[in-house]
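> I am attaching a structure below and will ask some questions about it afterwards.
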Ligand SMILES: [Zn+2]
Ligand SMILES: [Zn+2]
């Protein structure tokens, strides 16, 4: 079996903690987990949902993405192109999966990170379209909240978040929204009017 990432490097029998049999490349130190051994692992370990918060967790493992992380590769078992999925960890990296035989390729260090995050038996979710969309939504929500904090300051932003939560739970929350929108619109009208008056004043004098 040849390494999907290195030229002319052979994969050798190895084991992960927990006696999970894998094939390891002696050059790039990446590992191949066959579909069978991955499923055996899943029987022993509960699956866990990866969330942006969970992926941003601080774990006590030194990690730098492997130098071959950006490289595409062929499945060592069936020769098909491996699908790649981004894991948005603090230092993002890609993991690879074979759609044909169901095996996974992980570059050096990636397994340790995923294992420490409790996600080593939930790898297929990173390749799931729906999950990817959910993740993007959660990320843009988090970005929106951060923008609000940046623009309004922490204190006022917290008030807005709390108010937002109360309003969506209230059956007539839309009245409050309409009020706020109108107030903001009036304020904008006022500003426009002031600007207009100032310009007129400049013209007339
Ligand atoms: Zn290799
Ligand atoms: Zn394959």
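> Evaluate E = 1/(1 + (r/R0)^6) for residue 51 and residue 178, where r is the Cβ-Cβ distance and R0 equals 41 Å; express this FRET efficiency to the nearest 0.05.
Step by step, r from the Cβ atoms, then E = 0.75.
> Want the number for residue 191 to residue 166: 0.36 nm per residue separation, take away the alpha-carbon distance, what's left?
Computed gain between residue 191 and residue 166 is 6.0 nm.
> Just to confirm the number: angle between the C-alpha axis of helix 154-169 and the first principal axis of the chain, 0 to 90 degrees, nearest 10?
In the chain, helix 154-169 runs at an angle near 90 degrees to the longest axis.
> Taking Cα atoms, how many degrees apart are the long axis of helix 129-152 and the longest axis of the chain, rounded to 10 and kept between 0 and 90?
For 129-152 against the chain, the angle is about 40 degrees.
> What full-extension length gain, to one decimal in nm, is calculated for residue 36 and residue 71 as 0.36 nm per residue of separation minus the Cα-Cα distance?
The residue 36-residue 71 span can extend by a further 10.1 nm.
> Got the relative contact order for the chain handy, in percent, Cα pairs under 8 Å and 6 or more residues apart?
Computed over the chain, the figure is 17 percent.
> Obtain the nm distance between the two label points defined at residue 19 and residue 137 by a simple spin-label model: each point lies 7 Å from its Cα along the Cα-to-C-beta direction.
Rounded to a tenth, the inter-label distance reads 4.3 nm.
> Of the listed peptides 49-62, 93-106, what is their order by residue-averaged count of other C-beta atoms within 10 Å, with the highest listed first?
Final packing ranking: 93-106, 49-62.
> Using only the Cα atoms of region 153-204, build the gyration tensor, take square roots of its eigenvalues as a ≥ b ≥ c, and label the shape rounded, prolate or oblate: rounded if a/c is under 1.5, else prolate if a/b is larger than b/c, else oblate.
The shape class here is oblate.
> Still on this structure: Would you mind calculating the gained length between residue 130 and residue 63 on full extension (0.36 nm times residue separation, minus the Cα-Cα distance), in nm to one decimal?
Contour length minus Cα-Cα distance gives 21.3 nm.
> Just how far, in whole angstrom, is region 4-27 from region 69-83 if you go by their alpha carbon centroids?
Computed from Cα coordinates, the inter-centre distance equals 14 Å.
Read the figures in this text as sums done on the coordinates, not as results from a lab. The shown structure was predicted, so the numbers you read here are calculated from the model rather than taken from an experiment. Cβ atoms come from the backbone with ideal geometry, glycine included; neighbour counts cover every protein chain shown.
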